[in-house]
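So the structure is just underneath, and the comments pick up after that.
A short reminder: the numbers here are calculations on the coordinates, not readings from a lab. Note that the structure is predicted; figures quoted are calculated from it, not measured. Here Cβ is always computed from backbone atoms with ideal geometry, including for glycine, and neighbour counts include all displayed protein chains.
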Amino acid sequence: MNQEQAKFLAEFFATALEQEGRTTAKVLAAVREDGRGYKPDEKSRSAWDLATHLATGDIWFLDSICDGAFNFDPEGEKKLTAGFTSIKDVVEFYTREFPKRVQRLRSASPESMAKEVDFFGVVKMPAAALLSVAMNHGVHHRGQLAAYLRPMGSKVPSIYGGSADEPMTGA
């Protein structure tokens, strides 16, 4: 992938991520405080664990791609999530920080987006191509969390179309 292609791909994903981020914020905000311990099975993560992982994971992925290196620091993640005491905290963090990361992505140089990045030895590819992994990760966990909403007593927001709780409108 050349630099021009990488920059185009990064901009394409930045636009898509903006929309996905708005949708993720709606799903995060739909988690009821009294339902945050909900999990459908003993092996499942709780709604709280999914919400905090989703919010911090989206930020971590974009930072890693822009930094050109993936480093996982469980202690750093614990410190970050320790500041969360409510779903409102998670939503405020996400709605404040995610747009900054999308802007950082938009400001990244074509050279940095074309640079090959190693994703934990699983795959090496240009940074811009790893944006698909980042987006898929967020969509995957958002889908899990969205599936928790109605059983925990929450309303399900529209995601890619209307829901029974938030029907699609024509305007």
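May I ask for the longest run of the chain untouched by chymotrypsin sites (Phe, Trp or Tyr not before Pro) that are loop-located per DSSP and have at most 15 neighbouring C-beta atoms (other than their own) within 10 Å?
That would be 1-71.
Here are labelled values, [x] 38, 36, 30; [y] 39, 32, 30; [z] 49, 45, 26, and one is the computed Cα extents along the principal axes in Å for what I pasted. Which one? From the options [x] 38, 36, 30; [y] 39, 32, 30; [z] 49, 45, 26, the structure gives [z].
Close amide H contacts of Val117 (hydrogens built in the peptide plane, cut-off under 5 Å, sequence separation of 5 or more or a different chain): Met125, Ala127.
Taking trypsin sites (Lys or Arg not before Pro) that fall in a DSSP loop and have at most 13 other Cβ atoms within 10 Å as cut points, what is the longest piece of the chain between them? The longest uninterrupted stretch comes out as 44-154.
By how many degrees, between 0 and 90 and to the nearest 10, does the Cα long axis of helix 47-67 differ from the longest principal axis of the chain? It works out to around 10 degrees. Students often get this wrong, so check it: of Lys88/Lys155; Lys7/Lys124; Lys26/Lys115, which have C-alpha atoms separated by over 25 Å? Checking Cα-Cα distances, Lys26/Lys115 exceed 25 Å.
Phi angles of region 104-117 translate, via the Karplus equation with coefficients 6.51, -1.76, 1.60 and θ = phi - 60°, into HN-Hα couplings of 4, 4, 5, 7, 5, 6, x, 4, 5, 6, 8, 5, 6, 10 Hz per residue; Gly and Pro are given as x.
3J(HN,Hα) along region 15-25: 5, 5, 5, 4, 5, 4, x, 5, 5, 4, 4 Hz, from the Karplus curve 6.51 cos²θ - 1.76 cosθ + 1.60 with θ = phi - 60°, whole Hz, x for Gly and Pro. Computed from backbone phi, the HN-Hα couplings of region 151-160 come to x, 8, x, 8, 8, 9, x, 5, 10, 10 Hz, rounded to whole numbers (Karplus: 6.51 cos²θ - 1.76 cosθ + 1.60, θ = phi - 60°; Gly and Pro given as x).
Taking label points 7 Å from Cα along the Cα-to-Cβ direction, Glu166 and Ser44 give a separation of 2.0 nm. Largest mean-square fluctuation among Val123, Val139, Val102, in a Gaussian network model of the chain whose springs join Cα atoms under 10 Å apart, belongs to Val123.
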